[in-house]
Every structure is written in structure tokens, then in C-alpha cells.
Amino acid sequence: MTTSFGKTFDSLLDRLGQRLARKLNGESSGYKPFTPSDFATLCRTLRPGDVLLIEGRERISNAIKYLTQSTWSHAAIYVGDALPEPEDGSERPRLIEVNLGEGCVAAPISKYASYNTRICRPVGLSPEECGRVTAFMVDQIGLKYDLRNIFDLLRYFIPTPPVPVRWRRRMLAFGSGDPTRAICSSLIARAYQQVRYPILPDVREVKAQPGGALARRELLHIRHHSLFTPRDFDLSPYFQIVKPHLAPGFDPHALEWAETA
């Protein structure tokens, strides 16, 4: 009897969670990109292993941007040609992302053609290491997250909670349920941890005594993947910000300016 009641209750929570997720994924009004998107240049610039940050326009995006004090509310990873061409002839998916209510999915780059985006590129990784990062993400496609933790979802319906700035980020970890991962960056952080690539590691000074002389050295401590947010890839000293218009070279003298009166 108890087991039957538990299953019914879980099913009810799951249906309620799906409804809340659909509302949070609804678009908010008034979104406009800061600059016109150059989709063709973006496609030419991306490389496997790049993290693409996105300024989302959904309701949940507004809450994440507020809580993380950042422009960026979503992150996807570019995997190049790791996924096969669709049989129906549609655009090849080259991004892997985690979406609330969907889990880990593949998507074409054109999905974000009209969004504000930023490319964050790891530096110093070999092609084999980048391949391991993208292969990890490909293996996660289809991963679903439990939406029964209603409290985790409800936090995003208060887009500007009246809490001090230093506590806002902690609200993303409140409840520690699976919907916390809806901010998508935790799975990407796990992918980079497979090759021990730093994002924003804890840096702690420890004392060492090589050869009898007191010295200081720093140890890099890998932070837990659930603590990462999209803006961490932007702030990371280990990811290069790549601007598509500048990547192939830029000559300011080639610009044609309108004559002023």
C-alpha cells in the first residue's frame, strides 16, 4: 500500500515538475540582442571543445543571470562533426547542451543564430584531449534529470530574490536536487575534469621544504562540478575569449566610414 502511494506521489510530483519546467522555459518579453549576429562567421570560428555561452531569453535565464550576476545564463559545447548527419537532411547538430525538462541533447548552431553569444576556448589541449572532452559529452546525450524536487524549481520563479549579492550564487545549490543542473554548466565542467583542465580551481598556498629551504607552492584543487555556472568560463583565466570577427585578422583601415557633415 505504501509502495503504491509512493509511486502515485512521485508521478504527481513529476507531472507538476514538467509543468513548472515548461513555464520556466517560456520566453520572457523584451529581449533584444546587443549586436547583430553574424552566424556564418560564428560557424567558421568554432572549434571542437569550445564552450559557447548564451544570453538566454527564457524566464529561467532571467533568474540565472540575476543570481550569478552575469550576462550569460546558458552554456553549450561545440563538438564539430562528432555526431552523424540527420537522415532527414536537416542541419547537423554540432552543439551539446543540457536543458531544463529535456536533459542532455544535441542541437544545431542555428538555434542560437539570433542570440548574444561568446566563445570560450581552452588553451593548450591536444586534439586527443579535446576529443576526450567532446566524446564525454556525446556519451551523455539522453541523460535525464529528475524534476520531482519542486523546491529546486520554484526558486527560479522569483527572478530577483531580496538577498545580498554574496548569497545569490548559493541559491543555485539550495536543495541540491537535480534541477540545480539545469544551469547546464555542471556537465561541461565534468567533461573538462576528465582531462584535468582547470576552469576556476581553488588555489591554496601550502608550505613545502625542498632541500631544506622553505618555499611556497600552489596546489590546484578541482572544484566540484555542481558549483560551476556559465559565467565561470567567461571569468576563467584558462579559457580564451574568441571574438569571431577578430579571429581571422582585422584591418581597421579597410573600414569605410560615412562622411560627417
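Each value in this text was obtained by applying a stated rule to the coordinates, not by laboratory testing. These figures come from a predicted structure and were not determined experimentally. A quick note on method: Cβ atoms are made from the backbone with ideal geometry, for glycine too, and the neighbour counts reach across all protein chains shown.
Placing dummy labels 7 Å off each Cα toward the beta-carbon, the span from Cys43 to Glu256 is 2.6 nm.
The packing ranking of peptides 100-113, 45-58, 233-246, highest mean first, is 45-58, 100-113, 233-246, where packing means the average number of other beta carbon atoms within 10 angstrom of each residue.
Take each peptide in 247-258, 118-129, 185-196, count the other Cβ atoms within 10 Å of every residue, and average; sorted highest first, the result is 185-196, 118-129, 247-258.
A Förster radius of 41 Å combined with the Cβ-Cβ distance from Glu27 to Lys7 puts the calculated FRET efficiency at roughly 0.75. For the residue pairs Lys65/Lys111; Lys111/Lys243; Lys7/Lys144, the C-alpha atoms sit no more than 22 angstrom apart in every case. Each Cα pair under 8 Å and six or more residues apart adds its sequence gap; the mean of these over the residue count of the range 65-151 is a relative contact order of 27 percent.
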